[in-house]
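Read-outs throughout are calculated quantities, based only on the coordinates presented, and are distinct from any laboratory measurement. Because the structure is predicted, anything quoted here is derived from the model rather than measured. Don't worry about glycine lacking a Cβ; one is built from the backbone with ideal geometry, like all the others, and counts go over all protein chains shown.
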Amino acid sequence: MQARMPRRRSAILPFLIIVAALVVVLAIYTNIWTDRLWYQSLGYSGVFSKMLLTRLGLFAGFGLIMAAVVAANVAIAHRVRPRTRPGGNTSPMLERYRVMLESRFTIVMVVLAVIAGLFAGGISTGQAKTYLAWQNATPFGVKDPKFGLDISFFVFAYPWWEYVLSFVFTTLILSAIAAAIVHYVMGAIRLNAPRRGGTSAAQAHLSILVGLAVLVRGVQYWFDRYGLQLGDGPRFTGLRYTTDHATLNAQTILAVIALICAALFFANAVLRRWVVPTIGLVLLILSAIILGMVYPAIVQGTIAGPNEADREQPYVQQNINATRAAYDVDNVKITSYDAKTTATAGQLKQDASVLPSIRLMDPAKIGPAFEQLQQVKGYYQFPPELDVDRYQLGDSKTETDTVVSVRELNQAGIQDPNWNTLHTVYTHGFGLVAAYGGKASPTGEPDWIVGDIPPQGQIKQKQSRIYFGELNDNYSIVGAKPGGKSLELDTPTGGLDNGPKTNTYSGKGGVELNGWRRFLYALKYFDANIVLSDRARGDAKIIYDRDPKQRVEKAAPWLTVDRDAYPAVVDGRVVWIVDGYTTANSYPNSQRVSLQDATSDTRSRVGTIGTQPDTMINYMRNSVKAVVDAYDGTVKLYAWDESDPVLKTWEKTFPGTVLPKSDISADLMQHLRYPQDLYKVQREILGKYHVTNASDWFNATDQWAIPNDPTAAEGEDTKEPPYYLTVRMPNQDTADFSLTSVYVPNGRQNLAAYAAVNSDPTSPNYGQWEILRVPAESQIDGPGQASNAIRANDAVATALRPFTQGSGTSVTWGNLLTLPLGGGLMYVQPVYTSQQGSGGGQYPILRYVVVKFGASVGIGTTLQEALDQVFKGDAGASTGENNSGGGNTGSTGGTPGTGKVDEALARSELQQAEAAFKDADAALKSGNLGEYQTQTKKAEDAVAAAVRALGGS
């Protein structure tokens, strides 16, 4: 019989493992090295190096400690193993494990150590910012009320030491488990009768390990006492009566018990009497249950609960004081405002400076008008929601409210796209577009301040190319001129024979594609064209990560950025302005809120704005104003709240990355504003914390809520967003650019208060909150009630009926603005109807303006008409409009602004409108667009005349 030849092991599996490992290493190297190149191109290589070295240091440090401790204890367990096999019944499986461990012990030990080290190191890299903040901590100069420690201990040190203690405890527990398994497998520990027990060495080893773990747990008990001021209770965050008088004492006692228990385990290493340390451990566990849970529950149920209002009062006061300080609302000015509700002639005389700035062009609604009228080509686009800014136009020193956006690239609109057109030809958008916020053109369309390509208008743009923006996340290869020929499409006209004009990028931003870099980026994007194309050679650069918010987040990873970056023309260049926040989650006794919940409203669900991450915070400052150049992507960080200890900590961590506030140019300063997300968080806090008396706060009789947005889509239950408006608060001589919103009583719909914060950075009162509190006995409609009253008004319903009953058009309600005017609170709401665009789409045009003051409602084709109707024929001041909205007002009808009603004339005009709309529908069906537009215009003029005839009261 022929002997069987031994089978050769296949080399395929080892080969595949090696290839997979090389692929992983190459992917990691590619990601790290391209990140390094990106940071170098941005000028923030120090941030990259510091974060990378810190993560590597933490990975190596914690990983090696974990690996070394686990390996050492496994080695000790193996070294003190019995030299002879124990007698008695030993299972065959256990015997096989013992043999395997004996023969491959080194391999097993290394594998265990590596797994444990990778586990610990991987988790520790997520603590890089925690470590750096602790290492560079800056004192707050304020002490906590319980322990007398500087607030910096809780914000910077406590999170770090909490992690370190948790790591040490976990390391000891894992080491004890690993050692116990080795002792058991090697026979040093026997669990089967009749020889249950273990060797002296094994017992001593495990006793010491368990004793160390219990000792660390005792330190954690002691350390957790500081964390009681960070705990969330049923009603507020921070120290409470029960935690102060029961939990704190319990943790002190548990720390002592743990120390005694640890001593018993250490003694057991010599005495080997497991009964005593086991009793101690059971006592610790029972004590933790009784002292940590039962005792506080008894105190809460018998002392704190029945006398809660009295017992909790000092702790509520601590929470109020800490919360108002942490969110920077401790200097809010609250005044009683006995708002008028009766409209009289001439009532707005004192508010003449404010009326022209009332925004009639809602940035959340008129985006399609920008798209239809300023898109120019299908490969350009505007975001669904626009932004608000202000400019000093011409020689005037008066700031003009504007609605702005930039014309970005829309690669979905490129005809016959291929790699070259997507990545080397269509590389950028062009131009900032702006329209007046307080008026429309005579046709109801936006009244342009600057528009077209190249930009024409009153805002001069020396560099208007948009390489970096919110809408294009694809990479582009720019700067190359193969054969001396520019590749990048610049403008649709202006080139040879007035055809497309090309340009070559010459900005500082972007990573040069030379040599090895092309291969790296080909791997990064899995795109061989980057290596093969001649367009990626020479002076070519690759630009990516083009969203301004993303660039700021990477340049300053310690910042939380506002979700709404907005464009502005500063010193002739288009830039993106991004507000950056420093936040914390461990400010003692300060109320903890969800950043996502507090900042979510109707606007956060639209377009590029989005929502904040779902993280909990209890401290927030607008510490940085960031500017991203739309052409070259450069990022500049300016210190704004220079007194913020958190900002100072990060400035020490990354020296030179944040420029001083004094470096902000005068032109840039004109466009800065109070940030929205900070305002939203603060207004959420002030809904409860406008009350500063602990007893009143605890009784919750004066809580405010943010009303739902009455203009939200049907079925959406979202908070009303704040609005940037120019308002003149009572007892002020001048109007200020402000961020405003309203409150309603919790659970009710009437108005409780009007809140505004000065948003003009050139004003000495920038950041000053003022709340007009409406007396409880006053019944002023809240936004929901006002919206219902407006839509139910006969004059409003009559005016809009032709647009809602089969006319082929639709009605869109704009932002419902609340303004302190005429000694009261007035609602202003623009109303838009749809207009047919040249490309077949529809866009909104301003048709009417509705005003509500008290019980009076007025509707007109202009704000002036609506105001005059409400205020008895004469508002007392001019809005400065030149017949904005909806085309001609008609040649017939009553006297505009008199408030007189001519019902017969109104019926006649509406009959004419109805007939004209029927003729328009017939023309549309027959395809006669010219006649359709003529008849529609005729009908609209008749409706406008009918509205004036009705007086709109």
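Tabulated values for the structure
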read-out: Residues of type lysines that LYS918 reaches as a straight line, Cα spacing below 17 Å, ignoring anything fewer than 8 places off in the same chain; value: LYS937, LYS938
read-out: Rounded to 10°, Cα long-axis angle of helix 903-926 versus longest principal axis of the chain; value: 70
read-out: Normalised convex hull volume, segment 476-543, alpha-carbon set, Å³ per residue; value: 92
read-out: Cα-Cα over 19 Å, subset of LYS688/LYS719; LYS648/LYS688; LYS50/LYS524; LYS554/LYS719; LYS680/LYS719; value: LYS648/LYS688; LYS50/LYS524; LYS554/LYS719
read-out: Gyration tensor verdict on segment 547-672 (Cα atoms; rounded if a/c is under 1.5, prolate if a/b is larger than b/c, oblate otherwise); value: oblate
read-out: Value of Rg to Rh for segment 199-305 (Rh from inverse mean 1/r over Cα pairs, i.e. Kirkwood); value: 1.11
read-out: Computed E for ASN585/ARG83 - FRET, C-beta separation, R0 45 angstrom, nearest 0.05; value: 0.25
read-out: Extension reserve of the GLU95-THR125 stretch, reckoned as 0.36 nm per residue once the Cα distance is removed; value: 6.8 nm
read-out: Amide N proximity, segment 435-455 versus SER486 label position 7 Å along Cα-to-Cβ, cut-off under 13 Å; value: 454
read-out: Inter-probe distance in nm under a simple model that places probes 7 Å from Cα toward Cβ, at SER643 and GLN749; value: 4.3
read-out: Local electrostatic count at ARG240 - Lys and Arg +1, Asp and Glu -1, tallied over other residues with Cβ under 9 Å; value: 0
read-out: Packing-based ranking, highest mean first, of 813-822, 159-168, 668-677 given that Cβ atoms within 10 Å are counted; value: 813-822, 668-677, 159-168
read-out: Ranked packing of 262-272, 546-556, 516-526, 489-499, most packed first, by mean Cβ within 10 Å; value: 546-556, 262-272, 516-526, 489-499
read-out: Segment 275-299 versus segment 582-628: alpha-carbon centroid distance in Å; value: 40
read-out: Equivalent ellipsoid semi-axes, the chain, via Cα gyration tensor eigenvalues times 5, rooted, Å; value: 64, 40, 24
read-out: The chain: angle of helix 313-326 to the longest principal axis, Cα-based, in degrees nearest 10; value: 70
read-out: Estimated distance in nm for a label pair at ALA11 and ASP534, the labels positioned 7 Å out from Cα along Cα-to-Cβ; value: 4.3
read-out: 5 angstrom amide H check on GLY824, placed H, neighbours 5+ away; value: LYS340
read-out: Reachable lysines, given that their alpha-carbon falls under 24 Å from the alpha-carbon of LYS501 and they are not under 8 places away in the same chain; value: LYS377, LYS460, LYS462, LYS481, LYS485, LYS541
read-out: Test item: Cα-centred dipole of the chain, Lys/Arg +1 and Asp/Glu -1 on Cβ, debye; value: 5700
read-out: Relative pair counts by distance (%), Cα atoms of segment 711-817, 5 Å bins; value: 2, 10, 16, 18, 16, 15, 11, 7, 4, 1, 0
read-out: Positive-end residue, the chain charge dipole about Cα centroid, Cβ charges, pick of ASN498, ALA528, SER810; value: ALA528
